[in-house]
Amino acid sequence: MIPRRLNPAAAVAAVIVLLAATGLALIHARRADGATERSEPPASALTVEVVSPGRERWPRRIQADGSMAAWQEIIVSPETGGLRIAELAVEVGASVRKGQVLARLADESVKADVRKQEALVAQAQAALDKAVADLRRAASLGVEGALAPQRLDEYRSTEASARAALASAQADLGSARLRLGYTRITAPDDGVVSSRAGVLGNVVSSGAELFRLMRQGRVEWQAELDATALAQVRPGQRAVILLPGGDRVDGTVRLLAPTLGSGSGRGTVYVSLPAHAQVRPGVFARGWIELPESTATTLPESALVPRDGRTYVLMLGDGSKVFRQAVAVGRRQDDRVEILSGVEAGSRVVARGGALILDGAVVTVSGSTEAAPR
């Protein structure tokens with residue numbers, strides 16, 4: 001049988017129908033693929049733990065540094081001059097007691113002066129005894145009328161002069177004995193010898209420094225603070241000093257400087273240290289002064305990401321995406337840091353590994369949120 005020839009119009013229509021069917025099939029396939037892609041969640045960058053900021057009562061601290069110095073210094077000087085140093089009885093670093101002899105001056109000339117004054121006192125005493133006896137005899141004659149009143153007055157005057165001469169000689173003797181005592185230079189109080197300027201055989205001048213003592217062996221920490229920090233410090237507050245060797249010493253604020261340095265604008269805080277503290281004057285040390293406790297918002301130190309001179313944390317947002325948030329930090333205690341601003345209570349923060357996660361990355365949260373200490 002001979003096939004029938006198709007109508008050209010019918011052929012064109014068939015082609016159009018075929019193309020339309022193919023196009024619809026492709027559109028449905030693309031939509032299906034798109035739906036499949038949307039149904040699949042984006043790939044996670046990392047599995048992390050999250051924490052929320054905690055509220056804790058923390059002691060406030062003011063960091064400071066300063067040097068160790070003697071609580072009080074005593075300068076030991078001779079009270080008489082022109083005498084040679086005959087003996088230096090103590091060395092630098094020696095502990096001395098009040099009244100202990102530190103040095104002795106040559107006293108031969110002073111002893112001779114004492115003997116001379118003793119002789120003058122004896123002479124004045126003899127003159128007074130004679131004047132008293134003469135006055136007694138003259139008085140008895142005057143009663144009988146055998147002695148003129150004028151002559152009797154002369155005896156009285158002589159007796160008074162002799163008595164005054166004796167008093168003067170006795171005063172000179174006391175001065176000589178006092179100078180003899182000054183040849184023994186003693187410690188005014190308990191202390192430790194911090195320096196010795198005296199040289200054996202040297203002739204000293206009155207008031208010249210021979211020794212310098214650390215009174216009672218006490219050392220204090222003289223910390224320097226600016227005006228803002230100084231206004232928060234009060235006598236009696238506890239201080240902790242970190243010594244260069246790694247030891248810690250507890251102290252107590254004793255006194256605040258009444259004025260600030262004109263050049264530095266800083267004031268001195270005097271911190272008393274215990275007597276047994278093994279510290280030396282002149283040592284530079286760092287430490288802090290503890291203030292009353294206050295409430296702090298804290299996060300683990302591992303949650304902080306330092307970058308470009310600032311500090312950030314990674315916050316967990318919608319869709320398990322993280323975003324970087326700048327924060328201001330304050331006090332540190334153990335492994336936690338105070339957050340002053342940038343994070344609110346209830347926020348979810350990546351606990352660790354934030355430096356490895358990009359801003360905007362999707363993460364997987366493992367387990368439950370870690371509870372912050374209170």
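Any read-out appearing in this document is the output of simple, stated calculations on the displayed coordinates, not a laboratory observation. Here the structure is a predicted model, which is why all the values come from computation and not from measurement. Positions of Cβ are backbone-derived with ideal geometry, glycine not excepted, and every protein chain shown enters the neighbour counts.
Laid out as a table, the results:
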| read-out | value |
| --- | --- |
| Alpha carbon convex hull of the range 190-318, projected area averaged over orientations, nm² | 14.8 |
| Karplus 3J(HN,Hα) series, Hz, for the range 187-196 with 6.51 cos²θ - 1.76 cosθ + 1.60 (x for Gly, Pro) | 7, x, 7, 4, x, 10, 6, 9, 7, 9 |
| Assigned charges on the beta-carbon of Lys, Arg, Asp, Glu; the range 236-370 dipole about Cα centre (debye) | 400 |
| Cα-derived Rg over Rh, computed across the range 225-280 with Rh taken as Kirkwood radius | 1.02 |
| Sequence-distant residues sharing a close amide H with residue 237 (under 5 Å, placed H) | 253 |
| Cα centroid separation, the range 173-192 to the range 259-303 (Å) | 42 |
| Residue 202/residue 140 FRET efficiency (R0 56 Å; Cβ-Cβ; nearest 0.05) | 0.35 |
| Under Karplus coefficients 6.51, -1.76 and 1.60, residue-wise ³J(HN,Hα) of the range 97-109 in Hz, glycine/proline x | 10, 4, x, 5, 6, 9, 7, 10, 9, 4, 10, 4, 5 |
| Translational diffusion coefficient (Stokes-Einstein; Kirkwood radius from C-alpha pairs) of the range 112-257 at 4 °C, 1.567 mPa s, in µm²/s | 58 |
| 3J(HN,Hα) from dihedral phi, the range 210-224, Karplus parametrisation 6.51/-1.76/1.60, rounded to Hz, x for glycine, proline | 9, 9, 10, 10, 7, 4, 6, x, 8, 10, 10, 9, 9, 8, 10 |
| Built amide H within the under 5 Å cut-off of residue 266, gap 5+ | 261 |
| Net lengthening on full extension, residue 87/residue 186 (0.36 nm per residue, minus Cα-Cα) | 34.4 nm |
| Efficiency of FRET from Cβ geometry, residue 301 and residue 234, R₀ 22 Å, rounded to 0.05 | 0.10 |
| Distance cut-off 23 Å, percentage of C-alpha pairs in the range 239-374 lying past it | 54 |
| Stretchable slack from residue 365 to residue 95, in nm (0.36 nm times residue separation minus alpha-carbon distance) | 90.5 nm |
| Relative packing of peptides 96-105, 300-309 - highest average C-beta neighbours within 10 Å first | 96-105, 300-309 |
| Potential lengthening between residue 46 and residue 286 on full extension [0.36 nm per residue; Cα-Cα distance subtracted] | 82.2 nm |
| Rule-of-thumb Rg ratio for the range 171-255 [Cα; 2.2 N^0.38 Å; N residues] | 1.77 |
